[in-house]
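These notes are about the structure you will find just below.
The values are calculated or read from the model by the stated rules, or taken from the named source; none is laboratory data. Since we're looking at a predicted model, the values are computed, not measured. Note: accessible area is taken over every heavy atom of the protein model, side chains too, but ligands, DNA and RNA are not part of it. Shrake-Rupley method; radii C 1.70, N 1.55, O 1.52, S 1.80 Å.
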Amino acid sequence: MTMTEQQSRLAAYWERQLDKMDEREERHAKRLPGWRDRRHRRALVAVLVAADLVLIVSATVFTVANDWLYLSLWAGSILLGGTAFTLLRILTGRMSGGFSRLLDEREREWRHRVTYIGYQALAFLMVAALIYSLLIAHADEGGVRGAMMLSALLVTGTTIPTIVLGWSLPDDDPEDFEEGDAHG
């Protein structure tokens, strides 16, 4: 197989994958029409921020002696935060996704803006995790506790773009849903 054939096959593969992503986004685009307002999105943002804070608190209390407390806080936070995160991803639409050919200019600008904010926040949180790890390095179980804080801050950082979108996007236009129902 020549290099050109390989590139052509790879391009065709990526086109199929993008088409699948577009189909999935189209299916999710009209879900939960009654929740597509700021009030519902902001309530979910509050739940997600609270879950992120519980993750961070659970990382600070982690020791092998009280791992049951850590595990219960961590599991509860992951379940609650994961649910809120998933719902927010559906409600903010494809703007919070990786890449999409379906975005208009406004949506593309929103996504670039929140991605940049998320990158800055994640970089700051990773520096905070580094400082925390250095401060507790000589404490009992310092390495494990530092790794727990790193993971908690990493999870928190990855939710930042969705949090910003969920908080700041305007209400969806109800006519968008009526058109979709009339044609589909």
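Summary table
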| read-out | value |
| --- | --- |
| Computed accessible area, Glu109, all protein chains, 1.4 angstrom probe, square angstrom | 90 |
| Helix 105-135 axis, angle to the chain major axis (alpha carbon atoms, nearest 10°) | 10 |
| Cα-based helix-to-principal-axis angle, 3-29 vs the chain, degrees rounded to 10 | 90 |
| Directionally averaged projected area (convex hull, Cα atoms, the chain), nm² | 14.8 |
| Principal-axis tilt of helix 67-92 within the chain, Cα atoms, nearest 10 degrees | 20 |
| Accessible surface of the chain, 1.4 Å probe, proportion on carbon and sulfur as whole % | 64 |
| Accessible surface, per residue, of segment 1-150 when the full set of protein chains is kept, probe 1.4 Å, Å² | 64 |
